[in-house]
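Heads up, the thing below is written out as structure tokens.
Read-outs: derived from the displayed coordinates by stated rules, not from any lab. Owing to the predicted nature of the structure, the values given are computational and were not obtained by experimental measurement. We place every Cβ from the backbone using ideal geometry, glycine too, and count neighbours over all the protein chains shown.
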Amino acid sequence: MAAIELKQVVKTFGEIRAVDGLDLEVPAGICLGLLGPNGAGKSTTMKLLTAQAIADSGSLRVLGYELPERSKEARAEMGVVPQLDNLDIDVTVEDNLRIFSRLYRVKDIDAAVDRALDIARLQDRRKDAVDELSGGMRRRLLVARGLVHSPRLFLLDEPTVGLDPQIRTEVWDLIEELRSGGTTILMSTHYIEEAERLADEVAVMAKGKVIARGTPAELIAEYAGRDTAEVYAPPARRAEVRAAAEEAGLEVRAAGPAIAIVGAERASNGVVPDDAVLRPASLEDVFVLLTGEELE
Amino acid sequence: MSGASTPVPGGARRGRMRRLEPAAIAGVMSREVANFRTFWKSTAFSSTVEPIVYLLAFGLGLGATVVADVDGLEYVQFVGTGMVATAVIFSSVFPAMFGTFVKHRFQNTYDAILAAPVDTEELVTAEMLWIGCRAAVFGCFPLIVTFFFGLQPAWGMLLVPFFCLITSLGFAGFGIAVAGTVAKIDQFNYVTTLVVTPLFLVAGTFFPISGLPEWAQVAAQFNPLHQLVELVRAACFGFEWNDLLRVGFLLVFSFVTWRIAIVQLRKRLID
């Protein structure tokens, strides 16, 4: 049985269809990256899974429990890392973990707190107020707080959004440890590198539904081919090259100061200029082609 | 047989959890206690010193210059016993209004709590109970201070924390309901001016209700704070049968605000 099964889920906010006929299945034991641009419906999906949003229609089953009727049981067995830091900053590291151990009905609170402190690598800061921690420590604590009850399913909502690269790497290391330990993970992100590095499978989400799914390699092979040619040139020449490539039936996207011709291995002679930089196709190519949005 | 005892990897493993679980309520309250430990000194300071200031200003000031006694009761003692209600409303309605709003809108605390197996009903109940317990303690401070102004101890006073508790639960529920209703924190000003201040002034704390026009006396009977003032004075100077009705009124007040607070906060917290 899958850890998460969503079928034809719809959630509207007034005129906005935030989630629009979403089908999503997350098998137990994998890390699925929910990749999408801002406004794709990722956070609403996360809220639906914790019953902090109630679907207008469709069926939701998490860890075998129907939502929203049995969301409480589902929440007892899942951990959540929110997009925004909502730790109690005046309270000690240890007490933050202790409080959530109680909320999750953990029986041996001392052992759970110790284990979470190990995960966050904050044993020596356990008596300090959260306010005194560095940004990276706080983020690690936030992750460890979601693991205090050893959940079967772990939801991470944009776990590294707004973090500097060093802290992002620290959080990634933590998530990788969990993933290798077999915890089922659903992680929403709009960082391509995050999805590539951490996810066994990626579901690309846009306009409230999943529009493509597979391993990063599968998605690249299916949607972007083998090679991408980047052409760095003044705007006028870029426009010429783009027109020629599109006429030849190739997908072209903007890539900062360049244009990227995707599936360049299929190009006939002369379509890809000699001065183009050839590189392997990437998940970013797939994403931009599918969603029409540039990634961060 | 072996298949029945081996849990399916992604399948359900536990029976239905109940509503209003004590463990969930205790968990939320433990968060409040942990936070309160970081700021209890300032709160205890204001809760202790404020009634002394009021007693000195009204009790001694007005008592020495304008009013000597009310219905045979020395004015300082009249105000001192009435101040219990003031302490209760200030230490319940404001923490409920501002605390709930801040935790919801600015700190995102409730998002974290509701991601755990805790429902809005349990969250509101825990918040009300914690505020109620705190206000029940703070409500006793003016009474203790009034001992130093000649108030004689009485057995009935042992019930004062209970009266404070049932009243502050109601005001905590009211405050949470308001926080769950307003769009912006500035809108608390309307509630304070139009609801809290009139309730505070027409409770019989500083002057007897019997001196007001008849319509105001009738309206005052629906003021929970007035009922608390009457109950505290009864606890100090002797109960009457209708004090049971006052207790009943306060229990209904608390129950109604509890249910409204749950509905209003749920609208805010669950999309």
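Note on B:PHE45 and B:VAL252: their simple-model spin labels are 4.3 nm apart, each label 7 Å out from Cα toward Cβ.
Under 12 Å from a label point set 7 Å out along the Cα-to-Cβ vector of A:ASP200, the amide N atoms of the range A:215-250 belong to A:215.
Based on the mean of other beta carbon atoms within 10 Å per residue, what is the order of A:203-216, A:27-40, B:239-252, most packed first?
Working: A:203-216: 19.9, A:27-40: 21.4, B:239-252: 14.6.
Ranked by mean Cβ neighbours within 10 Å, highest first: A:27-40, A:203-216, B:239-252.
The helix-only estimate of mean residue ellipticity at 222 nm for chain A, built from DSSP H runs of length n ≥ 4 each weighted as -39500 (n - 2.57), is -9500 deg cm²/dmol after division by the residue total.
Beta carbons within 10 angstrom, averaged per residue: use that to sort the peptides B:114-121, A:157-164, highest first. The partial results should precede the final answer.
Details: B:114-121: 23.6, A:157-164: 18.9.
Answer by packing, highest mean first, reads B:114-121, A:157-164.
Legend: mean number of C-beta atoms from other chains within 10 angstrom of residue C-beta atoms, peptide A:190-201, equals 0. Taking the C-alpha atoms only, the angle from helix B:160-181 to the longest principal axis of chain B is near 60 degrees.
Label sites at A:GLU69 and B:PHE222, each approximated as a point 7 angstrom past Cα along Cα to Cβ, lie 4.2 nm apart. Each distinct pair of alpha carbons in the range A:50-96 adds a 1/r term; the inverse of their mean, the Kirkwood radius, is 12.7 Å.
With a cut-off of 14 Å between beta carbons, the residues surrounding B:GLU21 carry a summed charge of +4, where Lys and Arg count +1 and Asp and Glu -1.
The Cβ shell under 10 Å around A:ASP95 holds other residues with a net charge of +2, Lys and Arg each +1, Asp and Glu each -1. Entry note, the range A:176-296: relative contact order of 27 percent, from Cα contacts under 8 Å with a spacing of 6+ residues.
Taking 7 Å steps out from each Cα toward its Cβ at A:ARG279 and A:THR12 produces label points 4.2 nm apart. For the listed peptides B:165-177, A:230-242, a ranking on the average number of other beta carbons within 10 Å per residue, highest first, reads B:165-177, A:230-242.
Please compute, for peptide A:58-71, the average count of beta-carbon atoms on other protein chains lying within 10 Å of each residue's beta-carbon. Write out the running numbers ahead of the final one.
On the way: counts 0, 0, 0, 3, 2, 7, 8, 5, 1, 0, 1, 1, 5, 4.
Mean shielding count: 3.
May I ask you to derive the relative contact order of chain A, considering only C-alpha pairs under 8 Å and at least 6 residues apart, and to give it as an integer percent?
Details: 590 pairs, mean separation 61.1, N = 296.
Relative contact order comes out at 21 percent.
Of the trypsin sites (Lys or Arg not before Pro) in the range A:95-179, the ones in a loop by DSSP (not H, G, I, E or B) with at most 13 other beta carbons within 10 Å are A:LYS107, A:LYS127. Each Cα pair under 8 Å and six or more residues apart adds its separation to the average, and for the range A:226-280 the resulting relative contact order is 51 percent.
For B:VAL202, the shell of other residues with beta-carbons less than 15 Å away shows a net charge of -2, using +1 for Lys and Arg and -1 for Asp and Glu.
Averaged over peptide A:28-36, the number of partner chain Cβ atoms lying within 10 Å of each residue's Cβ comes to 1. Here the calculated FRET efficiency for B:LEU56 and B:THR197, from their Cβ-Cβ distance with R0 = 30 Å, stands at 0.90, rounded to the nearest 0.05. Share of antiparallel DSSP beta bridges in the range A:76-207, in percent to the nearest 5? Around 10 percent antiparallel, to the nearest 5.
Hey, what's the Cα Rg ratio for the protein assembly as shown versus the globular rule of thumb, 2.2 N^0.38 Å?
Numbers: Rg = 30.5 Å, N = 567, 2.2 N^0.38 = 24.5 Å.
So the protein assembly as shown has a normalised radius of gyration of 1.25.
Evaluated at q = 0.26, 0.27 Å⁻¹, a Debye calculation over the C-alpha positions of the range A:71-141 (equal weights, vacuum) places log10 I(q)/I(0) at -1.30, -1.36. Full extension of the chain segment joining B:LEU159 with B:ALA26 gains 45.4 nm, where the gain is 0.36 nm per residue of separation less the Cα-Cα distance.
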